[in-house]
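Notes for the one structure printed next.
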Amino acid sequence: MLLVVVPGAVTAAVVPSELFGSWWHTPKYFGARTAVLMAAGLGAFMAGALMASALPRQVPSGSPGWPEGRRVVMSLSPAGQKVLGRAGQVLLAFTLAGYVAWAAVAVVRGYGWDQVLAVVRLQKYGLEAGKQLLHPVGGVTTFTQFGPVAVACLLLHTRATGRRHFFALAVLTVLACLRALLHAERIALIELLMPALVITVVLAPRRQQRRRVWHRLTPGSRGWAWAPLAGLLTAISVFAAFEYTRSWKYYRGQGDGFGAFILRRLGGYYATSANNSALLTDRLADAHHAPYYTVEFLRNAPGLPDAVKAVAPQLVQHGPSPWNQLVAYVNPELSSEGGLLIPFYDYGPAGAVLVWAVLGYLIVRCYRLARAGSPGALIGYSVLYVGALELGRNFYWGQGRFTPMLASVLVLAWLLQRTSTAPQTPRPGPAGVTGRTADPPAFP
């Protein structure tokens, strides 16, 4: 969490107001009060995390326990393996149905090969015109958000049974890439890749097997020491590739090279998000009365806004929305509201501290259960991890795109708990999730 929030905040703090205007075309609002609120939010999260860490280690039903001096081996009963396989297939079907319905709606609206070629050929305003025709449909495109949980289920099922789901995973990856390219929705690709990465890291082979297969990147070797730098360069390269198709065509004539543009653009995404959070909490919060960003899923769910308006009209936003107020003061192209300070905007300082303490407790609790060998907790943690990576730009856990994933994880965890058996020692081979599990990646 620190790694995705602090760099943007530090950049927003040290960049002078003049450069804010010339680089990102927005005034600077970040100040000392913003830094104090961010420190309070991080402190509350850490306090909740420490509370969860102080609890006695609890062994989930059906896991082999916490053996002394070694990491835990995750084990799945035959019934649990069946639940994972069926859940992966059902969620895959939901995801594909969502993409098919979305494509059908777009075609009816007039989307065709001309729009695709406009994006591929980097025509000006081609991407924007296509995005209007690809505008999500509430209750329809929602089904595409089951994809990340489907990936986690299928990968874990492969590890447990030896049955490969290469075609299904490849189809989901291609669809996410097309969504990122044609709809400028990079988060769709991140949502798919990060759970897969977390699952892969946790269920990595034993060190002896890794040494035989990939000896240059075993922990403690020189190759492994370069892994963080390689990951950072990979992330920047992917960002640069998408920005080349998305915004470079508008800025290439301004004299700066592509490398300088990418570095300034990447820094601007996070620095302006922290700056926009300062604007919301310091200058716009007084005109705000109802939670907005943390309950975005309620506003976007089909039929729910009308129901809330009828039952609790005091919770309905009157007048201009917070987003409209925000873009009146900042560059609309860089209008992300940030994530860490959003609870302060929605609930005030006291409420925000409580929100972050509860989130810290729940997330670390999920982390510890994943370490203890709970497959449901591992899948949940792999999905929650995406929200941590997005915290520098928005409060991902309150968005409507996260709700289907959370609901499916809760149902899946309940089903796995019901089918769990007594603890037993897993045997090597495709009958179970074998090998020592690595620690799940800590929150950045």
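Bear in mind these aren't lab numbers, they're just calculated from the coordinates by the rules spelled out. What you are looking at is a predicted structure, and each value in this text was computed from that prediction instead of being measured. Cβ coordinates were reconstructed from backbone atoms using ideal geometry, including for glycine residues, and neighbour counts include every protein chain displayed.
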Taking the Cβ of each residue in 45, 167, 20, 258 as the centre, tally the other Cβ atoms inside 10 Å and list the residues starting with the fewest. 167, 258, 20, 45
Using only the alpha-carbon atoms of segment 132-203 as identical scatterers, what base-10 log of I(q)/I(0) does the Debye formula give at q = 0.21 Å⁻¹? -0.91
Which log10 I(q)/I(0) values does segment 77-119 give at q = 0.14, 0.20, 0.28 Å⁻¹ under the Debye formula, counting every alpha carbon as one identical point scatterer? -0.51, -0.68, -0.90
The residues 95, 158, sorted from fewest to most surrounding Cβ atoms within 10 Å, come out as 158, 95
Rounded to the nearest whole number, the per residue volume of the convex hull around the C-alpha atoms of segment 117-174 in Å³ is 101 Å³
Averaging over every viewing direction, what projected area does the convex hull of the Cα atoms of segment 353-406 cover, in nm²? 3.8 nm²
Proxy reagent accessibility, fewest Cβ within 10 Å first, across 159, 33: 33, 159
